[in-house]
Every structure is written in C-alpha cells, then in structure tokens.
Amino acid sequence: MDAVKAILSHRSIRSYKDKEIPAETVDLLLRCAVRAPVTAMGHFYSILVVRDQAKKDQLRDVCGGQGALRSSTYFLFCADFHRTELLADALGVERGIHGYTALVIGTVDATLAAQNLAIAAESMELGTCYVGSVLHKAFTVCEVFDLPPRTIPLFCLAVGFPNEDPELRPRLPTEALVHLDRYREPAAEEIPAFIDSIGSSFAGERPVSRSLEGKKSFVRGLIQGSWWQSGEEELRKALTRQGFDKELDKELR
Ligand SMILES: Cc1cc2nc3c(=O)[nH]c(=O)nc-3n(C[C@H](O)[C@H](O)[C@H](O)COP(=O)(O)O)c2cc1C
C-alpha cells in the first residue's frame, strides 16, 4: 500500500492476532523510524523494542491492561539526553541542552520517528496503536525498564497483525485545525460541531454513547483537569527521578 493510502485509512487497532511480527519486519520498521528527520542531527530520542513476554506483561499491567497492549511488539519511545551527555563528556564540553527545550526537542524527534514507523507498519497492513498511558505512568515505566538519567518515556506504539477492522474515526473539520496566514478564532456556532466530532469517537477501548448528551459528557470528562491529574503527578515524579526537575525549576524562577 502506498503511504498516502495508508495514512488516509489509518485506524488505531486494539485487538490483535496471536502472531509475532517476523524479526526482518521489525528491522525494516526500525530502519523507517530512524530515517525520520532529527533536530539538528542531535537524535534526541531512543526506541526500546519490547518483545520479551514478561516485559510486555509488566508494561500492560502498568498501563491498566489495555487491549492495544496485546500486540506482537511494543516500541517504547523516549526523549533521550543521556546519550547527548555522554557525547558532551567525551568532547569535554558543557552539558548544555536543558529544561523545556530538551523536553520539546526530544519529544519532537521521538514523535517523528514513531509516526514514520506507524505509517510504514500500516502500509504493510499491520495494525498500530499509540499508548499514551506510558507518559501518565512515566515514573513506573522508568523503573520497569531501568531507564538511565536524562531519558523520559513518552509513549508506546503497539504493532501487530490486526484482529479487527474498525471504521474510520472522525476528526475535527479541517477548517478548525488549519489556518490560512493568521490564526482564525472559531465562531461560537462552530463549537457544537467540534463536540459532535470529538464525542462521536471512542475513548480508548470504550465506545461512547452517540446521544448528544453522551457526546457532551465524554468531551466534558476529556477536557477536565481531573482526567489528567494523576498523570501530571506521576510525570513530575519521573522528571525528578530522571534529573530534569532542577533545570525546569530554574527556568520557572
Ligand atoms: C499520543 C497518543 C496516545 C494515545 N494513547 C492511547 C491509549 O493509551 N490507549 C488507546 O487505546 N489509544 C490511545 N491512542 C489512540 C487514540 O485514542 C486514537 O488515535 C484516537 O481515538 C483516534 O482514533 P484513530 O487513531 O482510530 O483515528 C493514543 C493516540 C496518541 C496519538
């Protein structure tokens, strides 16, 4: 399948066949991932390939037993400044990439590589699903994978042979997401269509009611702080564990 067709037919897959992806396919997917552009040649990310069943079970438990995490292979994407610091030390220069900049460029590099891998996998008719619970459980994930300082797990990409064929899920209207030359504030009359679009989909594995009230209640839950609160606390703990906290505190002062 070509890339455009694969992109336009993307659906997250949360049910997988009990069948391993061949090792050569995993290698090819990784080659596609690492061909993604990288910020200033910095390569501020790492990918952990998780194939070992015990590790997979552990990660699935940490992430609340999600269906997506019954796939053949998980790719755990991390922002990585550990390698950068080894280079800095070897070259005898200051460890100079800090704080918000480090977190953002590491996230960008990891995300570009991940989406390359996802498109390549879907073009081979494999299924994929991102698992963001990894960020919300970042402290525990650092412990499970014994991640070195100055790395932070961002998300997992589950890949495997699909065992379902879901419909395309809706997106906000293109005009809501795309602006021509200047940012266009949406009109109040456009908001109900946004709620309709977001609320017509699925929250993870759970189908949501398609009544108007059901959609509203889903969107209310999604955008409320309480949805994200425990993840925020866990991420702060992980940033402290991984040595990012002091520099972020310094930037806040
Ligand atoms: C960063 C990120 C994290 C996600 N985390 C999860 C997750 O933890 N569990 C899950 O089932 N789906 C997860 N998804 C998939 C989204 O729910 C899905 O992309 C969205 O509902 C749209 O559906 P579609 O991908 O089928 O078009 C995640 C997607 C992204 C981009």
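The values are calculated or read from the model by the stated rules, or taken from the named source; none is laboratory data. Keep in mind the model is a prediction, meaning the values are calculated, not measured. Because the Cβ atoms are built from the backbone with ideal geometry, glycine has one as well, and the counts that use them run over all protein chains shown.
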Worksheet item: Does any residue in region 129-153 that is within 28 Å of residue 166 (Cβ to Cβ) and free of Cβ contacts under 8 Å to residues at least 40 places away in the same chain come within less than 6 Å, Cβ to Cβ, of a residue that is within 16 Å of the ligand (Cβ to nearest atom) and assigned to a strand (DSSP E or B) six or more places away or on a different chain, and which pairs are these?
Response: 132/155
Discussion item. Given (1) away from the ligand (no atom under 16 Å from the Cβ); (2) hydrophobic (A, V, I, L, M, F, W, C); (3) over 18 Å from residue 149 (Cβ atoms); (4) at pLDDT below 95, identify the lone condition not met by residue 69.
Written reply: (1)
Practice prompt. Could you tell me which numbered condition residue 104 fails, if it satisfies all but one of (1) closer than 20 Å to residue 15 by Cβ; (2) at pLDDT 95 or above; (3) among the aliphatic types (A, V, I, L, M); (4) in a helix (DSSP H, G or I)?
Written response: (1)
Worksheet item: Just wondering, is there one or more residues in region 139-155 that are within 16 Å of the ligand (Cβ to nearest atom), part of a loop (DSSP other than H, G, I, E, B) and over 22 Å from residue 56 (Cα atoms)?
Response: no
Worksheet item: Does residue 170 qualify as being modelled with pLDDT under 90, closer than 30 Å to residue 19 by Cα and either under 22 Å from the mean Cα position of the chain (by Cα) or not in a helix (DSSP H, G or I) (or both)?
Response: yes
Practice prompt. Among residues belonging to region 173-189 that are touching an Asp or Glu at 6+ places or on another chain (Cβ under 9 Å) and outside any loop (DSSP other than H, G, I, E, B), point out the one that is farthest from the ligand (Cβ to nearest atom).
Written response: 175
Worksheet item: What is the one condition in (1) farther than 18 Å from residue 77 by Cα; (2) hydroxyl-bearing (Ser, Thr, Tyr); (3) touching a helix residue (DSSP H, G or I) at 6+ places or on another chain (Cβ under 6 Å); (4) surrounded by fewer than 17 Cβ atoms within 10 Å (Cβ to Cβ) that residue 9 does not satisfy?
Response: (3)
Response to the item:
Exactly one of 122, 164 is closer than 26 Å to residue 53 by Cα, assigned to a loop (DSSP other than H, G, I, E, B), within 14 Å of the ligand (Cβ to nearest atom) and touching a residue at least 24 places away in the same chain (Cβ under 8 Å), and that residue is 164
